[in-house]
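The values are calculated or read from the model by the stated rules, or taken from the named source; none is laboratory data. Keep in mind it's a predicted model, so treat the numbers as computed, not measured. Reconstructed Cβ throughout: ideal geometry from the backbone, glycine too, with neighbour counts over all protein chains shown. When the accessible area is computed, the model is the full protein with side chains, heavy atoms only, and any ligands, DNA or RNA have been set aside. Shrake-Rupley method; radii C 1.70, N 1.55, O 1.52, S 1.80 Å.
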Amino acid sequence: MAQMFPSIGEKRPKMPVFTIEECPSCGTKTKRAFKFGDYVYKEGGECAKCHAKTLITMVYAELIQVK
Amino acid sequence: MWTLSLGFLQLGGLLGGGSSPVDLIVYILLTVVSFAVVFMYGQRIQAYSALRDVRINLEKLQGLKDRSRKEAIDYMTTNMKAPKDVQQRVDQVLEYFTIMPVDMDPSGIVGKIEHVTNQQDDRIRAELKSIAPQADPVQLSVEQNILEVATSLNLLFKIVRHFYIQGQKTKSIYIIVQLQMILPMVIQEADALTSAIEAFKLAQPIGDGLGPIVAGKLMVGKEKTTIERETVYAKNEYKGRSIIALKAEGPMGTVGRPHIGVEKILNDQTNKISTIIMVDAALKLEGESTGEVAEGVGAAIGGIGTEKFRIEAAATQKDIPMYAIVVKQSLIDAISVMRKEIAEATDKVVERIHRLIEEKTKEGDTILLVGVGNTLGVSQ
Ligand SMILES: [Zn+2]
């Protein structure tokens, strides 16, 4: 019965979206604002530490609490 | 009786009248009349107030429907370089219908349903391509997703309007109250659908993209093979086992045809699959937390059931166990930009997959991992 009415969820406030870039050689992770055209497992920019090509490993929205 | 009228008289005093027998008669009459009105027309009054409530919600639904239609048209003209006069064609697409096969004799119905739904999919794609020939595959898939939302809202609006008008005509409280009862949920769902458009337009991964992200993790940097339309797989290894990871081809907004992929891989004798693991997003119940990982057995795949049927049939025929790992989320989270909680669950899912492989398989085995879901914004 409940399966027919799953949780629709709360109305979401506008959440900023971030892109995580990971360097495959040194493991450095960088978090930046999402840019149009980003997608998961796309080649990212250059690693700041070792200048290797990074990989976008995640794109997600995060609720930032403003106090 | 005396005390009762005394009450009336005092009330009369409040209203400015004197305490004369005329007042007494007036008040008794008023009481009788109002009782009679409530007795005879109570239901009708209730129907009117319910009808008003329904109308307010119907107007809201219309607003959402119109907005989604406008978004679909705007995306076409601005991103896909479609001509300015696409409105009419978009409206035609919104009215497309699919006639489901008759189910009086259910044998073989899955194939028939699949035939019809594939055709529906092809039809819309062909239509979009002819409207905007310059659009790239990602844009086409995004527009298809937006149109799906717009079509759903259009249908919801029409059904609610139908019962609203029927209620108006018949003044039947039973029709109107039933409508009034389900409307809060209908509106919530419509809101959720509308909010999904934002993620679609920017081609961002949605909550339902969890399965593809997990499968994609095992496919990055490996050679990818297309096994079926918009469905790819790659081979990987883990602790002496081979893993074949299968997902829809990203970053387009598509779910692919994983069921055909699974069928083909299982039927290929050289693969010798010993275990199937399926990863999917699951709708949570109220009170469950978003991003919760749960494990089970069976084919973890939603939809109308044709995909599930094929996977189950193929696995049963070869007697291959099916394990399912799901991540709980609400409807709104499943179709909007992926939340951090769900993104973080992907690592937990990979851990579970590894544990499952270690416990349930032995070295030299081949495992088929299927990442089920819409792969918008998720490559491989
Ligand atoms: Zn680096």
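Just a few scattered comments:
- Cross-link partners for B:LYS60 among the aspartates and glutamates, with Cα-Cα distance under 12 Å and sequence neighbours closer than 8 places in the same chain left out: B:ASP191.
- Shape analysis of the protein assembly as shown based on the Cα gyration tensor places the equivalent ellipsoid semi-axes at 54, 25, 24 Å, largest first.
- Area of A:LYS31 that stays accessible when all protein chains are in place (1.4 Å probe, Å², to 10): 100
- The phi torsions of region B:365-371, fed into the Karplus equation with coefficients 6.51, -1.76 and 1.60 and a -60° offset, translate into couplings of 6, 10, 10, 9, 10, 10, x Hz, rounded to whole numbers, with Gly and Pro shown as x.
- Neighbour cut-off at most 14 other Cβ (10 Å), DSSP loop, GluC sites (Glu not before Pro), region B:302-380: B:GLU363
- The listed residues A:CYS50, A:CYS23 rank as A:CYS50, A:CYS23 when sorted by accessible area, largest first, using a 1.4 Å probe.
- Rounded if a/c under 1.5, otherwise prolate or oblate - chain B, Cα gyration tensor axes: prolate
- What separates the Cα centres of region B:318-380 and region B:145-219 is a distance of 26 Å.
- For the set B:GLU237, B:GLU189, B:GLU263, the ranking by accessible area, highest first and with no ligand, DNA or RNA atoms included, is B:GLU237, B:GLU189, B:GLU263 under a 1.4 Å probe.
- With all pairs of different C-alpha atoms in the average, the Kirkwood value for the hydrodynamic radius of region B:207-371 is 15.8 Å.
- Per residue, the accessible area of chain B comes to 50 Å², computed with a 1.4 Å probe over protein heavy atoms only.
- Of B:ALA345, B:GLY373, B:ALA314, farthest towards positive along the dipole that unit charges on Lys, Arg, Asp, Glu beta carbons give region B:310-380: B:GLY373
- Checking every one of the chymotrypsin sites (Phe, Trp or Tyr not before Pro) in chain A against DSSP loop status and a limit of 11 other Cβ atoms within 10 Å picks out A:PHE36.
- Residues whose placed amide H lies under 5 Å from that of B:ILE206, excluding near-sequence neighbours: B:MET338, B:LEU376
- Nearest-20 debye value, the protein assembly as shown charge dipole, Cβ charges on Lys, Arg, Asp, Glu: 660
- Other protein chain C-beta atoms within 10 Å of residue C-beta, averaged over B:343-352: 2.
- Only Lys, Arg (+1) and Asp, Glu (-1) charged, at Cβ; chain B dipole about Cα centre in debye: 500
- Carbon/sulfur fraction of accessible area - the protein assembly as shown, other protein chains in place, 1.4 Å, %: 57
- Accessible area (Å², 1.4 Å probe, nearest 10) - B:ASP53: 60
- Only helices enter this figure: runs of n ≥ 4 DSSP H residues, each worth -39500 (n - 2.57), summed and divided by the residues of chain B, yield -20000 deg cm²/dmol at 222 nm to the nearest 500.
- Hz values of 3J(HN,Hα) by residue in region B:299-304 - Karplus curve (6.51, -1.76, 1.60), Gly and Pro given as x: 8, 8, 7, x, x, 6
- Among the protein heavy atoms, those of B:SER242 account for about 50 Å² of accessible surface (1.4 Å probe, every chain in place).
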